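Right, one structure below, let's go through it.
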Amino acid sequence: MTLPGPVDYQQVARPYGDGRALAAGVLAIWRTAVAPHVSSERGNRLGVLDLGAGTGVFARAWAEWYGADVVAVDPALPMLAEASRRGLLAGVRLVGGRAERLPVRDAAVDVAWVSTALHHIGDLDAGAAELRRVLRPDGRLLVRGLFSDFGTVEWLAFFSNPGKALERYPSIQVAIDSLSRNGFALVALEEVAEPSRSTADVAAWLRRMRSADTLLTSFTDQEFSAALAVAERPENRERPVAVRLAFVVLSVV
Ligand SMILES: C[S@@+](CC[C@H](N)C(=O)[O-])C[C@H]1O[C@@H](n2cnc3c(N)ncnc32)[C@H](O)[C@@H]1O
């Protein structure tokens, strides 16, 4: 039996990596979303911090999109080991560390990218101050993720009590207030629609990610089984399920 609790990233690197690998179509959408906010005019190679990099799906993408120097930071070394096992491009460096005390020197990066990791930062003010410290004065903080009141995950409707999962995320205002207090100004806030998937695909993904996703580990086994039973009803198989995640863009002040 699985009791509701936080994801243990020390234990779930392999299933997490598999689950993220399914989402290849997502990368093209995010490449388009970030492009207007990334200046490649400077002579030097773009420097990117991928904070909470996990199994490295976006660290790899940033290196490919921009030929960037990427420092991928995560406190869960098994997640970084899995990133390495899956293959990295030249220019990606994996470093153990956490948001509250970044192993990166001052004013070292042009872009700080935080994908579905902001909600894990225990002391968001400390993390925000660190992000501010490592960004260059014309740098951008780009946050992809879910907030308790911003972003849409349609498959949560399979659960009778979806609010329980969303409680694990800060509200957008709490997050923006913390970042503003620590040297950032909001540039843009939008929802980015990721490619929708059939309910059958989502059901397979839910099974794979049961222990590896913050939303899913909020639910008891009973709640999870009841939701799967809904998702796996034959009449639901082909129904499309959408996910729209928040994209928050901040400049340094
Ligand atoms: C949902 S995964 C996201 C991984 C990756 N960014 C992605 O989009 O696939 C969240 C990651 O945040 C990391 N994390 C947890 N606490 C953290 C902290 N305080 N600072 C930085 N990263 C943290 C976890 O170890 C985990 O790898």
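The values are calculated or read from the model by the stated rules, or taken from the named source; none is laboratory data. Since the structure is predicted, the reported quantities are computational estimates derived from the model, not experimental observations. Cβ sites come from the backbone with ideal geometry, for glycine too, and all protein chains shown count toward neighbours. Surface accessibility is based on the protein's heavy atoms, side chains included, excluding ligands, DNA and RNA. Shrake-Rupley method; radii C 1.70, N 1.55, O 1.52, S 1.80 Å.
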Residues whose built amide H sits under 5 Å from the amide H of ALA112, excluding neighbours closer than 5 in sequence, are LEU49, ARG140, LEU141, LEU142
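How big is the dipole moment of the chain about its Cα centre under a simple scheme where the beta carbon of each Lys and Arg is +1, that of each Asp and Glu is -1, and everything else is neutral? Debye, nearest 20, please. All intermediate terms of the calculation are to be shown ahead of the outcome.
Numbers: 28 positive and 29 negative charges, 112 e Å.
Dipole magnitude for the chain comes out near 540 debye.
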Can I get the semi-axes of the stretch 15-152's equivalent ellipsoid? Compute them from the C-alpha gyration tensor as square roots of 5 times the eigenvalues, in angstrom, largest first. 20, 18, 16
Summing -39500 (n - 2.57) over every DSSP H run of at least 4 residues in the chain and dividing by its residue count gives a helix-only mean residue ellipticity at 222 nm, to the nearest 500 deg cm²/dmol, of -10000 deg cm²/dmol
Please report the orientation-averaged projected area of the stretch 104-253, defined via the convex hull of its C-alpha atoms, in nm². 9.1 nm²
Rounded to a whole number of µm²/s, how large is the Stokes-Einstein D of the stretch 149-223 at 4 °C and 1.567 mPa s, given Rh as the Kirkwood radius over C-alpha pairs? 89 µm²/s
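With both bridge residues required to lie in the chain, what share of the DSSP beta bridges run antiparallel, to the nearest 5%?
Working: 22 of 42 bridges.
Expressed as a percentage, antiparallel bridges in the chain total about 50.
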Going from the alpha-carbon gyration tensor of the chain, what semi-axes, largest first and in whole Å, does one get by taking the root of 5 times each eigenvalue? 30, 19, 18
Contour minus Cα-Cα span, GLU64 to ALA185, at 0.36 nm per residue, comes to 40.7 nm
If Lys and Arg each add +1 and Asp and Glu each add -1, what is the summed charge of the other residues whose beta carbon sits under 11 Å from the beta carbon of ARG98? -3
Candidates ALA231, ALA68, ALA188, ranked by Gaussian network fluctuation over the chain, Cα under 10 Å, top entry: ALA188
What translational diffusion coefficient, in µm²/s and rounded to a whole number, does the Stokes-Einstein relation yield for the stretch 93-145 at 20 °C and a viscosity of 1.002 mPa s, taking the hydrodynamic radius as the Kirkwood radius over Cα pairs? 190 µm²/s
When the accessible area of the stretch 168-210 is computed with all protein chains present and a 1.4 Å probe, what percentage of it is carbon and sulfur? 49 percent
Along the charge dipole of the chain, Cβ charges K/R +1 and D/E -1, which of TYR169, ALA99, VAL57 sits furthest on the positive end? VAL57
